[in-house]
Each structure stands twice: as structure tokens, then as C-alpha cells.
Amino acid sequence: MALAEKAEALGEVPVGAVLVQGDRVIAEGYNQSITSNDPSAHAEMLCLRAAGEAVNNYRLLDTTLYVTLEPCPMCAGALVHARVSTLVYGASDPKTGACGSVMDLVRHPALNHQLEVVEGVLSEPCAAQLSAFFKRRRAEKKALKQAQRAELDSGESA
């Protein structure tokens, strides 16, 4: 959740991820899609990239990924390809979740690897962090629109 706070401080959707092997943290990541102009710069993807560099292998066997939000299809696919063993996530994603909510890509029997999934760990604080972020963002957009309208109105009356 601290990594999600780093993302939020950058104006990113607050999602953080940590990859662990045994009792050792291999890599961390947090959302940076907006700041890096990279649609693939999700917390999980950045964490997997850093982990591959750390262990000098694209296969991340016997690892567990902890993430604050259920992974999307892109991230779920990367988890399968990397052969991550276990996924532990906080909040479910009813719009794009690919680990049980909308679809279940990481446990699909037709794929050559399936992950063990533990869902709902710290789900309430993870969901609250995301909800507060989107509520604040909607309020900021509304305030901006109101300011723009007021500016237009004052320009018309001049």
C-alpha cells in the first residue's frame, strides 16, 4: 500500500506491487502509466521487469506477487508467462479484473501455467485507497469544468 501511495503522489492510480521469493523481496513496482506515457507501466509489469533484471531470468519461478488491485488481462498474462507461482491481491476489479472478477486468465485450464490466487487480502483498505483517489479526481475535474465555465461567462459579459 505504501507503493500505491507513491503512485498516487504522482497522480497515478494508486496501485503497488511486490514480488517475493521465499523470504526475500526481489522487486517492487507502482503505477506509472500516466507519468511515463506508457500504457504497459502498471505496477505489476514494472515489478516483473525489475524482478527479471534482479534474477537475470524472465522466468520467476517459486515467487509470490502481492498487489493492491486485482490484475488486468495484460498483467495477468505477464504473470502466466513469467511463471509466477502465487498471486495475492487486495481489492477486486469488477471492470477489468482478470484473476476471478471479470475473467480468470491466471487459472485458465487451456494455458500452460496456472497461478494459485489468494484474493481479498487487506481488501477494505486497498479499495478505500482507490475509491478516495477516484472521488478526489472526479471532484477536481468538476471544479476545473466549473472554473472554465466561470471564465467563459466572465469573458462574455466583458
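The values are calculated or read from the model by the stated rules, or taken from the named source; none is laboratory data. What you see is a predicted model, and the numbers here were worked out from it, not measured in a lab. Please note: Cβ atoms are built from the backbone with ideal geometry, for glycine as well, and neighbour counts cover all protein chains shown. The protein model used for the area step is the full one, side chains on, heavy atoms only, and it has no ligands, DNA or RNA in it. Shrake-Rupley method; radii C 1.70, N 1.55, O 1.52, S 1.80 Å.
Here are a few things to note about the model shown:
- Under the criterion of Cα pairs below 8 Å and six or more residues apart, the relative contact order for region 85-129 equals 50 percent.
- P(r) tail fraction, the chain - alpha-carbon pairs more than 22 Å apart, %: 44
- Label-point gap, in nm, between S101 and D23 - each point 7 angstrom along Cα→Cβ: 3.4
- Helices in the chain, meaning DSSP H runs of at least 4 residues, each add -39500 (n - 2.57). Divided by all residues, the mean residue ellipticity at 222 nm is -14500 deg cm²/dmol.
- Tilt relative to the chain, helix 73-82 - C-alpha long axis, 0 to 90 degrees, to 10: 30
- Here the relative contact order of region 17-118, from alpha carbon pairs under 8 Å that lie six or more residues apart, stands at 22 percent.
- Highest mean packing comes first when the peptides 130-138, 145-153, 64-72, 38-46 are listed by Cβ atoms within 10 Å, giving 64-72, 38-46, 130-138, 145-153.
- Rolling a 1.4 angstrom probe over the protein heavy atoms with all chains in place gives region 92-158 an accessible area of 75 Å² per residue.
- Charge dipole (debye, nearest 20) of the chain; +1 at Cβ of Lys and Arg, -1 at Cβ of Asp and Glu: 240
- Solvent-accessible area, 1.4 Å probe, carbon plus sulfur percent, for the chain: 54
- From the Kirkwood radius over Cα pairs of region 1-90, Stokes-Einstein at 37 °C and 0.692 mPa s returns a whole-number translational diffusion coefficient of 260 µm²/s.
- Between A132 and A150, the simple spin-label model (points 7 angstrom out along Cα→Cβ) gives 2.7 nm.
- The angle between the Cα long axis of helix 123-157 and the longest principal axis of the Cα atoms of the chain comes to about 30 degrees, rounded to the nearest 10.
- The spacing between region 106-158 and region 1-77, judged by their C-alpha centroids, is 18 Å.
- Computed extension gain for K142 through E53, at 0.36 nm per residue and net of the alpha carbon distance, reaches 27.8 nm.
- Note on region 119-158: along the principal axes its Cα atoms extend 57, 11, 6 Å, ordered by decreasing extent.
- Viscosity 1.567 mPa s, temperature 4 °C, Stokes-Einstein D of region 70-128 from Kirkwood C-alpha radius, µm²/s: 115
- When the trypsin sites (Lys or Arg not before Pro) in region 1-94 are filtered for DSSP coil states and for at most 15 other beta-carbon atoms within 10 Å of their beta-carbon, the remaining sites are R59.
- The angle separating the long axis of helix 43-55 from the principal Cα axis of greatest extent in the chain is about 40 degrees.
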